[in-house]
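Step one of this worksheet: look at the structure below.
The values are calculated or read from the model by the stated rules, or taken from the named source; none is laboratory data. What you see is a predicted model; the values in this text were computed from it and never measured. No Cβ is skipped: glycine too gets one built from the backbone with ideal geometry, and neighbour counts run over all protein chains shown. Areas reflect the complete protein model, heavy atoms only, side chains present, ligands, DNA and RNA absent. Shrake-Rupley method; radii C 1.70, N 1.55, O 1.52, S 1.80 Å.
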Amino acid sequence: NNLLEKRCLHQDGSSIWTEISVAPVRDSAGVLQHFVAQVQDVTKERNAHLALQDSETRFRGLFELSPIGICLNDFETGSFLAVNEALATATGYAREDLLRLSYWELTPKEYQPQEQLQLESLKSIGRYGPYFKEYIRKDGIRYPVRLHGMLMRDHGGRQVIWSLIEDITESQRIERMKTEFVSTVSHELRTPLTSISGALSLIVGGVLGEVPAEMKEMLEIAASSSQRLGSLVDDLLDLNKLLYAKLQIHLENIDLFTLLEEIVAGMAGYADLYEVGISRTGDQKVEIVADPSRFSQVVTNLLSNACKHSMPGQVVELRHEASANGFVVVSVIDQGTGIPNEFRSRVFHRFAQADSSDSRAEGGTGLGLAICKELVESMNGVIGYESEVGKGSHFWFRVPQVGGPRLLRSGPELHILHVEDDRDFSHVLSTQLEKRATVVNASTLSEANSLLRQGVFDLVLLDLGLPDGHGENLWETLHVTQPELPFIIVSGHEVPNVLACRVAAVVEKNGSTQKRILQLITSIFSQTENVP
């Protein structure tokens, strides 16, 4: 028998792959009479094989050419099974030498507790990182790396870890240079700017004599510009200090009502420039624990942003309300332009602005919200926002009341928010989890946002199809300021790939949903004291 693979033309004109087997037919005397050929269409099998070869070729090319280290490790022993040239170069080892080692031999001993946490993450959710640590080069010198990876099984069923290992030595060096540059320039600018601003104020104010009208207008522009430049320098210095924990935060008991009254009075002139009003709601006489000057800085920045993005005649609302668990939530609400969808993930980033063009309507450095986030967190608080394009934005933050937070839990159980519009399903799940967790239900995005502003949760179970919007919007705004809060998507809808890759887990609604959620909760919180 002979086997031949051949490309042929089908009767409809298409090209197909065939497998032809040919066998001779002989008579009783052994004389060859003829041949019998069997033709089989193997186009699908052949195309699948070619696609697999093509995929392997592309992967091998990416593996070898990647500037970031890539490796495959045995899950049980940590031994390197495959490494690319980038990792070998960074560590100083030849490939064959590196394959005789494990990542334990490259990791300083003090990182072992963190390594165990990453291994637990692999066991529970199948991936780990981003994770920062150091590797030890062949010459004994340490260098910083950023790692993340995933757990898989090879063709033999063995558990293996694929990891991306990025040498961040250069990026850290550049970050230090940038920080030192900002600090130096800011300090060097502050002294002359103070002199310039002071001198211009004296001239414009007529202290040194009457100024001609045509000259006064130009001097006022110069004075205003010097003040803006001074504000930029202050922001740069504040941010630099916050990032390196050099800004002093002095926490004390504050009468919130009185402080907000002072802030609103101080903002009246600024609001008038934009023909916007500021209203206050929430007359509770409450005391908070915060730094009064830094608290004022946060509220003032949020109010100024709201005024800038409101239309003339609109009113910005400043609201405060005490929550049941020992926090006070302060909100700044406007009816302005809202935050564009593509900008939401960068709202609290440094130098980030929704409109970064030279022609944008309003000025600013893009540092205000980044500073607000750092200041609020320095005062043991949390900041967040809700927004809808064309309808306005709601920025909020919460800080502790005097007396400290009172967690909404009576025992060691978890506190879970279940965002689900099917009340029956939520009730069944809550009953199933009642020995492990306190479950609070929200049937809409609006209700969920209200609960998240006022409460502290360990986990969010999130449905995607909700009456007032898509559940992804909730995750998108919350993970920016509370990235440590895990989300489990529990939905019968299709989950976007970007979202599925960034949440703790995705669970499809079916007969085993409750059982699967219980398993995930046990896995996610197995290393915490919250699980009884």
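Listed values, structure above:
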| item | result |
| --- | --- |
| Neighbour cut-off at most 14 other Cβ (10 Å), DSSP loop, GluC sites (Glu not before Pro), the range 461-515 | E484, E494 |
| Per-residue [θ]222 nm for the chain (sum of -39500 (n - 2.57) over DSSP H runs n ≥ 4, rounded to 500) | -13000 deg cm²/dmol |
| Förster radius 35 Å - calculated FRET efficiency between L99 and I168, Cβ distance, rounded to 0.05 | 0.90 |
| Residue-span extension gain [I196 to R280] - 0.36 nm each, minus C-alpha spacing | 26.5 nm |
| Over the range 93-241, volume per residue of the alpha carbon convex hull, in Å³ | 194 |
| Beta bridges by DSSP in the chain, antiparallel share as percent, to the nearest 5 | 75 |
| Charge sum, other residues only, whose C-beta stays under 14 Å from R158's C-beta, Lys/Arg counted +1 and Asp/Glu -1 | -2 |
| Kirkwood Rh and Cα Rg combined as Rg over Rh, evaluated for the range 69-139 | 0.95 |
| Cleavage-rule hits, trypsin sites (Lys or Arg not before Pro), the range 421-492, DSSP coil, Cβ neighbours within 10 Å at most 12 | K435 |
| q = 0.28 Å⁻¹: log10 I(q)/I(0) that the Debye formula gives for the range 411-475, counting C-alpha atoms only | -1.26 |
| Whole-Å semi-axes of the ellipsoid equivalent to the chain (Cα gyration tensor, √5λ, descending) | 58, 31, 27 |
| Charge-dipole axis of the range 1-57 as Lys and Arg at +1 and Asp and Glu at -1 on Cβ define it, positive-most pick from A37, A48, P24 | P24 |
| Segment S293-S446, extension gain: residue separation times 0.36 nm, minus the distance between their alpha carbons | 51.9 nm |
| Linear extension gain, V389 paired with Q519, 0.36 nm per residue minus alpha-carbon span | 42.9 nm |
| Accessible area of the chain belonging to carbon and sulfur atoms, whole % at 1.4 Å probe | 53 |
| Rg followed by Dmax, in Å, when the range 1-131 is reduced to its Cα trace | 26.4, 84 |
| Given K123/K515; K109/K373; K178/K373, the pairs whose alpha carbons are separated by over 29 Å | K109/K373 |
| Cα→Cβ-extended label distance, 7 Å offset, between V428 and Q116, nm | 3.9 |
| For the range 291-305, 3J(HN,Hα) per residue [Karplus equation, 6.51 cos²θ - 1.76 cosθ + 1.60, θ = phi - 60°, Hz, x = Gly/Pro] | 8, x, 6, 6, 4, 4, 4, 5, 4, 4, 5, 5, 5, 5, 4 |
| On Cα atoms only, tilt of 112-125 relative to the major axis of the chain in degrees | 70 |
| Under-5 Å amide H pairs with V507, H placed in peptide plane, nonlocal only | I489, V490, S491 |
| Simple label model, 7 Å out from Cα along Cβ direction - A82 to F181, nm | 4.0 |
| Distant alpha-carbon pairs in the range 394-522 (separation over 19 angstrom), percent | 48 |
| Helix 213-243 axis, angle to the chain major axis (alpha carbon atoms, nearest 10°) | 50 |
| Reachable lysines, given that their alpha-carbon falls under 19 Å from the alpha-carbon of K391 and they are not under 8 places away in the same chain | K308 |
| Cα-based helix-to-principal-axis angle, 423-432 vs the chain, degrees rounded to 10 | 80 |
| Percent of Cα pairs exceeding the 14 Å cut-off, where the set is the range 450-532 | 65 |
| Nearest-0.05 FRET efficiency for V207 and R137, computed from C-beta distance (R0 56 Å) | 0.30 |
